[in-house]
Amino acid sequence: MPKSTRPAGRRFQLFLIKPSHYDDRGYVIRWWRSMIPSNSLAAVYGIAADCADREVLGPDVEIDIEVIDETNTRVDVPAILAQLRENDGFGMIALVGVQSNQYPRAVDIARMFREADVPVAIGGFHVSGCLAMLDDDNVDLDQCRKLGVSIFAGEAEGRFDTVLRDAAARRLEPVYNFMNDLPG
């Protein structure tokens, strides 16, 4: 990402992570060469880049966006934590486009960052579907609630600003549920 010509200020570290899933033996599936890029990851990156361009965290805050697709890249938790520490913990982890088969891996990734007190949000088909079709006490989503992971359901367009502002203020809501306000 090109560096901005804006004056130096705080740097919000946004990590967009598309988790992989486990194979039958419990190993993370990772491909040497991925054939199909994650559309959800690309879409959320575009939304986040737009937020950065519009300076949603203020004119003195840069938003550094790092994209990690775990199907072809290892999630280096120690390196991410070091980068966050270099920026006074000013940032968040967003697990995006999480499908049901990826949810257990997403929770495991979230757990590592929550143990280090990093704000984490999770969104995608699994959480959106659970909130839309099941009662609010769904056991799977309770794992996120117990860890303090914010749940995002619905479309991020026009709404990601709020999540970024809340994360920057260290006050992510437990649930951002936009399932009753879907685009036409």
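Points to keep in mind about this one:
- About its Cα centre, the dipole of the chain is roughly 480 debye, where the only charges are +1 on Lys and Arg Cβ and -1 on Asp and Glu Cβ.
- Karplus-based coupling profile of the range 62-70, in residue order and whole Hz: 8, 10, 8, 10, 10, 10, 10, 9, 5, with θ = phi - 60° in 6.51 cos²θ - 1.76 cosθ + 1.60 and x standing for Gly or Pro.
- With every protein chain in place, the chain: carbon and sulfur % of accessible area (1.4 Å): 52
- Highest to lowest packing among 43-52, 71-80, scored as the average C-beta count within 10 Å: 43-52, 71-80
- ³J(HN,Hα) computed for each position of the range 143-151 - Karplus, 6.51 cos²θ - 1.76 cosθ + 1.60, integer Hz, glycine/proline x: 4, 5, 4, 5, 7, x, 8, 6, 9
- For the range 51-153, the per residue solvent-accessible surface stands at 44 Å², with DNA, RNA and ligands left out and a 1.4 Å probe.
- Comparing Cα centroids, the range 140-183 and the range 63-109 end up 16 angstrom apart.
- Secondary structure note: in the chain, about 5% of the DSSP beta bridges are antiparallel.
The values are calculated or read from the model by the stated rules, or taken from the named source; none is laboratory data. Computed from a predicted model, the values in this text were never measured in an experiment. Reconstructed Cβ throughout: ideal geometry from the backbone, glycine too, with neighbour counts over all protein chains shown. Only protein heavy atoms, including side chains, enter the accessible area calculation; ligands, DNA and RNA are left aside. Shrake-Rupley method; radii C 1.70, N 1.55, O 1.52, S 1.80 Å.
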